[in-house]
Each structure stands twice: as structure tokens, then as C-alpha cells.
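A short write-up of the structure that comes next.
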Amino acid sequence: MRSIQTSLAFPLSSVKPLEGLRQYRDFCLGATRRVQQTAVRHRARCAACESPLEALGDVEGLDYLRCPTCSSTVLAGLPASDEWARLLAEVSRHRHSPQAFHASIVNSRIENVYAPKLEWIHSSLRLHGVRQPRLMEVATLPSEFSPLLVKSGNFEDVLTVDEMVLAHDAGAAGIPSEAQGRRNGRDDRVRVAVLLESLDRVDDPAALLRAVAGRLSEGGLIFITALVWSGFDMAVLGLRSLYLYPPDRTNCFSLQGLEMLCDQAGFTLAEVSTPGVLDVEIVQAHVQDDPSLPLSVFERRLLEADGETKEAFQSFLQEQRMSSFARVVGRKR
Ligand SMILES: [Zn+2]
């Protein structure tokens, strides 16, 4: 199994600025509170390892649970899946509105967030000897990534499939991406599936992975990105992390939990990496935002260190798979 580091560097402000995040985060929290007023079921077992979940605490009144075995963290209460699908669609539309912080940094997000993901997929496909495959992007529409996948010209076809429909309806048909404008043929199966933070959002991540496995041809590849609870900034900040909020972070698996989830859905792992570049900067931004944040002596010393020391520490996090940005490639068994 491969683990990849990156030499890429960009500031937090160019991809997910803490200041800009607040309005969007409040919108997400408010929308989640509204759907939680409907009939809510409480999650009992970890999706990754099936251990009984334990109380952890709350994010602005919304309870989170932790798994004592694999250290994953999940939102405690979920409404019916159609309510959840509506919520995901609502926040996705909001993300694309001029009010959301994403609008002002579209170009730097393409450059720093999406272009490296496209390059990752291309280089992995080369490594596995896969050329011009049919690709299924699993997301809640609208997706910022679809047009880039189509424009790359590296795929025979790009289908964008709604993640909640796929998770809850095994017979879901692919929705051909509009830019591609082609009809889905009779054979629904694809060689490649891409899930950018889908497992963080959906109410049933195990069902989604099983459904993706069902749509992949033999030996097909799955590309997953996720924010992981085992990563440095999440480990330091825990529930105080402003990047932890539903529905975008309904599930925050540990790297180990993510690996178990993929294994159970029938995937052999070809790559497990945490090429994150922002862990230290994220902790720093939180401390600037709230100087009373409790930190250990070690953590304070790290934040006071020079740039070279912080860079070396961030490289160490990547090498040891201890950053909070995770990337997984799996091959269908
Ligand atoms: Zn677990």
C-alpha cells in the first residue's frame, strides 16, 4: 500500500478561511437544527467497526458521539434519509451562492483544492494502467469538481450521481453530467468512482460504499477524500474545531475507521495517505481566534516555533499519516 506526501504549499485563507467560514457554518448548524426537530433516530453503533458509540459532547447544542474502538466521531441524531438529502442539497446550493465564502475564492480553490485532486486521480490511474475510463462522481449537486473532470478529457464519460440516492436506492441510475450531455447507456457500471468528502456527509456511509462497489466493474478503483478525526488539528482541537459541524462533518472517521469501512465494503486499499498541509496553521488560526484555547506546553511551543520547524512538523504529519486531510484509493475485490 502506498502513502504519498506532497510538497504543495498554500495558506489556509486561500482555501477555507476561518473568518469566512463562520457565516456558512452558522447556516449549516441552523439548517441541521431545523431537520433535527423532525423524528430523529439516534445512532447506536460505529459505521466503521460496529462498536457501541459513547457520548462525546456537543457542537453548539448538536450532540456528537465517539467510537471507543476506532476513535471515529459522528453526529448523534439523524432524521429520515429524505430529510437529510434535502438538507445536503440546501447547504450545497448555499455554498454556491454569493453569500458563502467559497464564492470569493473560487479560483484559488480550483488551483489549490481541485487541481491537485485531479492530478492525484490521473497519476493513480496511470500507475494502475487505466486509460480513458468511465468515471462516476458521487456528490450532492451542484458539484464544483464535475466541470474540471469533464474538461480534463481523460475520461470516456463522467457521470455525476447523487450520493444520497445512491446510498438509499441500490438501483439508482446515473445522471449524466450536463457538460458531457450524453445519455447513460444500458451498462451502468463504471471503472472509477470519486467521493470527495461524501462519507463525511451522508447519513449511511457504509451503505454508500456498498452501493459504489455495486456500480464498479471488477477491479474498479475508488478515490476517497475525508477529514479525519485522528489528524493533528482535530486531535488538538476536538469539538472546539470550527471545521467540525453538520451536515458537512456528520461523520469524522479516524484514518483507521476509514480503512475498516473501505475493507468491509469490499475494497483492497492501494493508497492511504494524509497529504494535508494545513494542520499546524489551522491550530494557529483557532488560537488567534480564541487565545484562551487550552493547549499543552508542547503545542504552544510548536506554534511559537519558526517557519522551518512548523514545516518540518507538517511534513512529519504527512509521512506518519497523522494529518487531518486523508486520501484513500481502493480496488474492488
Ligand atoms: Zn469504530
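The values are calculated or read from the model by the stated rules, or taken from the named source; none is laboratory data. In this text the structure is predicted, and so the values were computed from the model without any measurement. Positions of Cβ are backbone-derived with ideal geometry, glycine not excepted, and every protein chain shown enters the neighbour counts.
Of the set (1) modelled with pLDDT under 95; (2) out of contact with any strand residue (DSSP E or B) (no Cβ under 6 Å at 6 or more places or on another chain); (3) hydrophobic (A, V, I, L, M, F, W, C), all apply to residue 40 but (2). If you go through segment 236-269 and keep only what is in a strand (DSSP E or B) and more than 27 Å from residue 311 (Cα to Cα), you end up with 251, 267, 268, 269. Restricting the search to segment 6-27, which residues are among the small types (Gly, Ala, Ser) and closer than 15 Å to residue 248 by Cβ? 20, the sole residue that qualifies.
When segment 216-235 is examined, which residues are found to be part of a helix (DSSP H, G or I) and surrounded by 23 or more Cβ atoms within 10 Å (Cβ to Cβ)? Give the derivation first.
We begin by selecting, within segment 216-235, every residue part of a helix (DSSP H, G or I); these are 232-235.
232, 233, 234 - these are the residues of segment 216-235 that are part of a helix (DSSP H, G or I) and surrounded by 23 or more Cβ atoms within 10 Å (Cβ to Cβ).
Kindly check whether there is at least one residue in segment 239-253 that is modelled with pLDDT of 95 or more, more than 28 Å from residue 84 (Cα to Cα) and either within 16 Å of the ligand (Cβ to nearest atom) or crowded, with 20+ Cβ neighbours inside 10 Å (or both). No: zero hits. Restricting 317, 278, 244, 269 to those that are of a type in the set (A, V, I, L, M) and farther than 25 Å from residue 7 by Cβ reduces the list to 244. Against the condition out of contact with any strand residue (DSSP E or B) (no Cβ under 6 Å at 6 or more places or on another chain) and surrounded by fewer than 19 Cβ atoms within 10 Å (Cβ to Cβ), how does residue 106 come out, does it pass? In short, yes.
Out of all the residues in segment 262-269, is one or more at pLDDT 95 or above, of a type in the set (D, E, K, R) and surrounded by 16 or more Cβ atoms within 10 Å (Cβ to Cβ)?
From segment 262-269, those at pLDDT 95 or above are 262-269; that's our starting set.
From the residues that got through so far, the ones that are of a type in the set (D, E, K, R) too are 263.
In the following step, the residues that additionally are surrounded by 16 or more Cβ atoms within 10 Å (Cβ to Cβ) were identified as none.
No: segment 262-269 contains no residue that is at pLDDT 95 or above, of a type in the set (D, E, K, R) and surrounded by 16 or more Cβ atoms within 10 Å (Cβ to Cβ).
For segment 109-119, the criterion of being of a type outside the set (D, E, K, R), touching a strand residue (DSSP E or B) at 6+ places or on another chain (Cβ under 9 Å) and modelled with pLDDT of 95 or more is met by none of the residues.
Based on this model, can you work out whether residue 45 counts as within 19 Å of residue 244 (Cα to Cα) and within 22 Å of the chain's Cα centre (by Cα)?
Numbers: within 19 Å of residue 244 (Cα to Cα): no; within 22 Å of the chain's Cα centre (by Cα): yes.
It is false that residue 45 is within 19 Å of residue 244 (Cα to Cα) and within 22 Å of the chain's Cα centre (by Cα).
Taking the criterion of being away from the ligand (no atom under 16 Å from the Cβ), part of a strand (DSSP E or B) and crowded, with 16+ Cβ neighbours inside 10 Å, the residues of segment 30-62 that qualify are 59, 62.
Would you check if residue 73 is among the hydroxyl-bearing types (Ser, Thr, Tyr), more than 19 Å from residue 243 (Cα to Cα) and either within 11 Å of the ligand (Cβ to nearest atom) or modelled with pLDDT of 95 or more (or both)? Write out each step before concluding.
Details: among the hydroxyl-bearing types (Ser, Thr, Tyr): yes; more than 19 Å from residue 243 (Cα to Cα): no; either within 11 Å of the ligand (Cβ to nearest atom) or modelled with pLDDT of 95 or more (or both): yes.
No, not satisfied.
Every condition in (1) surrounded by fewer than 17 Cβ atoms within 10 Å (Cβ to Cβ); (2) modelled with pLDDT of 95 or more holds for residue 91 except the one numbered (1).
Given the criteria more than 26 Å from the chain's Cα centre (by Cα) and either closer than 30 Å to residue 259 by Cβ or surrounded by fewer than 13 Cβ atoms within 10 Å (Cβ to Cβ) (or both), does residue 297 qualify? Even if it seems obvious, please write down each step before you answer.
On the way: more than 26 Å from the chain's Cα centre (by Cα): yes; either closer than 30 Å to residue 259 by Cβ or surrounded by fewer than 13 Cβ atoms within 10 Å (Cβ to Cβ) (or both): yes.
Spelling it out, residue 297 is indeed more than 26 Å from the chain's Cα centre (by Cα) and either closer than 30 Å to residue 259 by Cβ or surrounded by fewer than 13 Cβ atoms within 10 Å (Cβ to Cβ) (or both).
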